[in-house]
1. Provide Rg and Dmax in Å for segment 1-48, with only Cα atoms included in the calculation.
2. Calculate one ³J(HN,Hα) per residue across segment 47-52 by plugging θ = phi - 60° into the Karplus curve 6.51 cos²θ - 1.76 cosθ + 1.60, and present them in order as whole Hz with x for glycine and proline.
3. Could you tally the net charge around Gly82, taking each other residue with its Cβ under 10 Å from the Cβ of Gly82, Lys/Arg +1 and Asp/Glu -1?
4. For the chain, with a Gaussian network of springs between Cα atoms less than 10 Å apart, report the residue from Gly93, Gly79, Gly242 with the top mean-square fluctuation.
5. Residue farthest toward the positive end of the dipole of the chain, with Cβ of Lys/Arg at +1 and Asp/Glu at -1: which of Thr72, His53, Asn212?
6. Which whole-number percent gives the relative contact order of the chain, counting Cα pairs below 8 Å spaced six or more residues apart?
7. Between Val41, Val91, Val156, which gets the highest mean-square fluctuation from a Gaussian network model of the chain, Cα cutoff 10 Å?
8. Which entries in Lys165/Lys185; Lys70/Lys244; Lys140/Lys185; Lys116/Lys244 show an alpha-carbon gap greater than 21 Å?
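No value in this document is a laboratory result; all are computed from the given coordinates. From a predicted model like this one, the values you see are computed outputs, not experimental measurements. Note: ideal-geometry Cβ built from the backbone for every residue, glycine included; neighbour counts use all protein chains shown.
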Amino acid sequence: MDIATWNVNSVRARLPRLLPWLEERRPDVVCLQETKCVDEVFPREPIEDLGYHIEVFGQKTYNGVAILSKSTPEDVIRGLPGDDEEADKRVIGAIVDGVMILNLYVVNGKEVGSDKYAYKLDWMGRVADLVHASYPMDEKVVVTGDFNVTFDDRDVAEPDLWRDKILCSEPERAAMAKIMEPGLKDAFRELCDEEGHFTWWDFRTRGFQRGNRGLRIDHFLMSPPAMDACSAVTIDREARDGEKPSDHAPVIATLS
């Protein structure tokens with residue numbers, strides 16, 4: 001089973017990139033973030049024509065998540081416990097072929113010390129509560145998405161520049177550790193210890209074109225049974241290149 005995660009930065013704007021990628025790569029499950037459209041206008045037909053079932057949880061202009069899967073998804077959840085109708089659409093989960101998948105678009109937080117930063121830490125705490133309560137570590141559990149958090153300096157092209165700033169601060173990393181506390185592992189790092197592997201490059205600074213100045217913020221967190229089945233986690237840099245890309249590259253995990 002190939003499971004992909006991709007922050008597409010608007011699914012409708014990125015459709016000319018997404019559809020050929022799906023045809024070429026044919027992942028079994030695709031977790032999308034930042035779809036930026038309400039459910040009614042999600043571009044279902046061309047994706048369904050490629051053989052995917054679609055579960056969406058969308059929002060106009062901002063946020064939005066989706067799960068595409070070749071097999072029928074079961075036990076779909078949307079949002080965090082306690083969310084009301086006005087809450088950001090950032091969480092969708094499902095069981096696909098026996099794998100419990102949770103797809104997250106984590107709050108960015110804007111800058112350390114801001115109200116949005118405090119909201120991010122609180123929101124990540126609520127994700128941790130959900131994982132602790134509902135995702136048994138003796139099952140195949142895959143928590144994936146755009147986490148807007150790096151783990152350490154290996155995930156940062158210019159660590160001194162980013163030190164203690166948003167996406168790289170210690171409270172954010174501690175909030176990530178809390179989510180992982182029941183037994184989740186960073187699947188990429190379990191398989192690769194090298195620095196210099198990134199999944200996001202800032203458009204404003206042309207980080208992709210100017211010497212791979214990026215961050216690794218798109219992750220696969222896996223329970224022990226899922227990690228045991230995982231043989232590879234690959235960052236598809238080619239999908240970040242070319243005309244009108246997302247600022248994120250897709251990441252693909254292969255499970256046996």
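1. For segment 1-48, the Cα radius of gyration and maximum Cα-Cα distance read 10.4, 29 Å.
2. Values per residue, Gly and Pro as x: 6, 4, 4, 8, x, 9 Hz.
3. Working: positive: Arg126; negative: Asp83, Asp84, Asp129.
The answer is -2.
4. Gly242
5. Asn212
6. Numbers: 573 pairs, mean separation 49.5, N = 256.
Reported as a whole number, the value is 19 percent.
7. Taking springs between Cα atoms under 10 Å, the residue moving most is Val41.
8. In this structure, Lys165/Lys185; Lys70/Lys244; Lys116/Lys244 lie more than 21 Å apart at Cα.
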